[in-house]
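Asks: This structure is in structure tokens; I'll ask about it shortly.
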Amino acid sequence: MANLPDEGIWSFDLATGKGQTLSLPMDIRWADSFAKAPDGSIYFTTSQINYPLEQRRKYEIYRMTLDE
């Protein structure tokens, strides 16, 4: 899920009830619209609705794969 205050992604384990912010090589500005693909990849967008128009970057779609 999104970690909006820290501009990142939060990973939450339903089995253990524990979570953590993922260490990513880029800034994630307002992660939104998460979807899981059949191959297990996670896709999400960056809507940046919390930024004024002049501070917004290009709209982006990210793809992540996680080791389980």
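Laboratory data are not the source of any read-out in this text; all were calculated from the coordinates shown. The shown structure was predicted, so the numbers you read here are calculated from the model rather than taken from an experiment. Cβ placement follows ideal geometry from the backbone for every residue including glycine, while neighbour counts extend to all protein chains displayed.
Asks: Would you work out the charge dipole size for region 2-64 about its Cα centre, treating the Cβ of every Lys and Arg as +1 and the Cβ of every Asp and Glu as -1, and quote it to the nearest 20 debye?
Replies: 100
Asks: Oh, and also: Full extension from Tyr43 to Trp10: what is 0.36 nm times the residue separation minus their Cα-Cα distance, to one decimal in nm?
Replies: That pair, Tyr43 and Trp10, stretches by 10.5 nm at full extension.
Asks: Here's something else I'd like to know. Whose amide H sits under 5 Å from the amide H of Ser47, counting only residues 5 or more places off or on another chain, with H placed in the peptide plane?
Replies: Asp32
Asks: Further question on the same structure: Give, in nm to one decimal, the length gained when the segment between Thr21 and Arg63 is fully stretched (0.36 nm per residue of separation minus the Cα-Cα distance).
Replies: Taking 0.36 nm per residue and subtracting the Cα distance, the gain is 13.4 nm.
Asks: A further question follows. Can you run phi through the Karplus equation (6.51, -1.76, 1.60; θ = phi - 60°) for region 48-60 and list ³J(HN,Hα) in whole Hz, with x for Gly and Pro?
Replies: 6, 5, 7, 9, x, 3, 6, 9, 7, 8, 4, 5, 10
Asks: Work out from phi, with θ = phi - 60° and the Karplus expression 6.51 cos²θ - 1.76 cosθ + 1.60, the ³J(HN,Hα) of each residue of region 15-26, listed in order in whole Hz, and give x for Gly and Pro.
Replies: Taking θ as phi minus 60°, the curve returns 5, 9, x, 10, x, 7, 7, 6, 7, 10, x, 9 Hz for region 15-26.
Asks: Another question about this same structure. Under 37 °C and 0.692 mPa s, how fast does the chain diffuse according to Stokes-Einstein, given a Kirkwood radius computed over C-alpha pairs? Answer in µm²/s, whole number.
Replies: This corresponds to a translational diffusion coefficient of 254 µm²/s.
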